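Data block below; observations after.
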Amino acid sequence: MDEQAKLSRRSVLRGAALLAGGTLAAAVIQVKPAYAQKAAQAAVKYQESPSNGQKCSDCTYFQAPSSCGVVDGKISPNGWCALYNKKS
Ligand code: SF4
C-alpha cells in the first residue's frame, strides 16, 4: 500500500469515527435526564388532604390549578405528599 492510500484510508476511518461519535452524542442529548421525570403519587405518599396543616397550595412545587413540578398526575391544592417544601 502506498503512502497516499494509507493516508486516505486513515482519513476515511477518522471521518467514520467522528460521525459515530456525533451520532452517539446526538442520541445522548435526546435522552431525558432522570431528574426530569416526576415521581409517582404512591411513591411519595400523595394524599388528597392536608397533613399537619401542610398542603400543596403552600408548597414550592405546586403549579396552579392542579399540577406539581415534581409529582406526576392531577394534584389537589389541598393535597400533600412527602416531598412537601413550604414556599418561602
Ligand atoms: S406537597 Fe407534594 S404533591 Fe403537593 S405540590 Fe408539594 S411536592 Fe407536589
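The values are calculated or read from the model by the stated rules, or taken from the named source; none is laboratory data. Quantities reported herein were computed from a predicted structural model and do not represent experimental measurements. Cβ atoms come from the backbone with ideal geometry, glycine included; neighbour counts cover every protein chain shown. Protein only, heavy atoms only, side chains kept; ligands, DNA and RNA dropped before computing areas. Shrake-Rupley method; radii C 1.70, N 1.55, O 1.52, S 1.80 Å.
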Self-check item: Complete set of residues in the stretch 38-62 that are outside any loop (DSSP other than H, G, I, E, B) and surrounded by 12 or more Cβ atoms within 10 Å (Cβ to Cβ)
Solution: A39, A43, V44, Q47, S51, Q54, C56, S57, D58, C59, F62
Quiz item: Does the stretch 64-83 hold any residues that are near the ligand (Cβ under 8 Å from one of its atoms) and either within 17 Å of Q37 (Cα to Cα) or open to solvent by 70 Å² or more (accessible area, probe 1.4 Å) (or both), and which are they?
Solution: C68, G69, V70, V71, I75, C81, A82, L83
